[in-house]
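Have a look at the structure below, then the notes.
Only the coordinates and a few stated rules stand behind these numbers; no lab work does. Every value quoted in this text rests on a predicted model; they were computed, and no experiment measured them. Heads up, the Cβs are rebuilt from the backbone with ideal geometry, glycines too, and the neighbour counts pull from every protein chain shown.
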Amino acid sequence: MALFQCRFFSEVLGLSTSMTVILPEPAQSQIGMSAPGVAGPYPTLYLLHGMSDDDSIWLRRTSIERYVSGLGLAVVMPQVDLSFYSDMAFGNRYWTFVSEELPRLCRSFFPLSERREDTFVAGLSMGGYGAFKLALRKPETFSAAASLSGALDIANSRHGLSPLFQRIFGEAGPQGTENDLLTLIDPLAKDLQDGKPVLHLYQCCGTEDFLYEDNQTFREACTRAGLPLTYEEGPGSHEWGYWDAKIQDVLKWLPLQPKEHQ
């Protein structure tokens, strides 16, 4: 695999930012790796960070580069600060950045596929929320999305409208808006019933995680709406040992299209 730590200017954000990118590379003679040569453009996983992290965290806390080495899959890990992947009421336009500008720039920098069937998103905690928001709001772009211990019910009153959420979502909060994942479920379920392309969703959460109740709420809403969802739970808390194990399950679950080796 080839690793790129990319610094670039974002017109949407009006500032320089960063992303970490892993690209497929033939590596038959590299000890401990097995990566046959695969021609681009590459299928792409946008892998999103959580509240306290940045674009380097997946590479630092997991073996993601090794896990994808035999898949012919590119991984793009962007920096979005503490934004909840949103156009902030008092802050920057991170939703527009990650949903529109980032894919366009990545495809201009690297040989990435533009096909919906080759475009996936996943994330943990705040990034799990971001992954499902991207998939639910832009199902024409993403064919699969995975949330690991996601913050999936941010509009619930038990969380309160904290100063952080007021800065991001405004005084009215996210409830009932396009930032509220539960509001997005029914329209997407109707689209699927009307024959739109299937969106694959994967959700997991540890039973000791403080976001477990949020995950149950999201799962139950999907069940009521008839939205297909692969759900897994088991022992685990909000920590990297759990996410390092579960990202491997996500990679096995992704609907990767077979591709000829060079």
*Subtracting the Cα-Cα distance from 0.36 nm times the residue separation, let me have the gained length for residue 101 to residue 223 in nm, one decimal.*
40.6 nm
*Tell me, which longest segment in the chain has none of the GluC sites (Glu not before Pro) that fall in DSSP loops with at most 13 further Cβ atoms within 10 Å?*
12-113
*Across the chain, where is the longest run that never hits chymotrypsin sites (Phe, Trp or Tyr not before Pro) in a DSSP loop with at most 15 other C-beta atoms within 10 Å?*
91-209
*asked:* Using only the alpha-carbon atoms of region 36-152 as identical scatterers, what base-10 log of I(q)/I(0) does the Debye formula give at q = 0.16 Å⁻¹?
replied: -0.72
*With each label point set 7 Å from Cα along the Cα-Cβ vector, what nm distance links residue 240 and residue 191?*
3.5 nm
*Euclidean distance between Cα centres, region 186-203 to region 77-120, Å*: 22 Å
*Please give the length that would be gained between residue 156 and residue 52 if that part of the chain were fully extended, namely 0.36 nm times their separation in residues minus their C-alpha to C-alpha distance (nm, one decimal).*
35.3 nm
*How big is Rg to Rh over the chain, alpha-carbon atoms, Rh as the Kirkwood inverse-mean-distance radius?*
0.95
_Of all beta bridges DSSP finds with both residues in the chain, what is the antiparallel percent, to the nearest 5?_
40 percent
*Shape call for region 139-262 from the C-alpha gyration tensor, a ≥ b ≥ c root eigenvalues: rounded (a/c under 1.5), prolate (a/b greater than b/c) or oblate?*
oblate
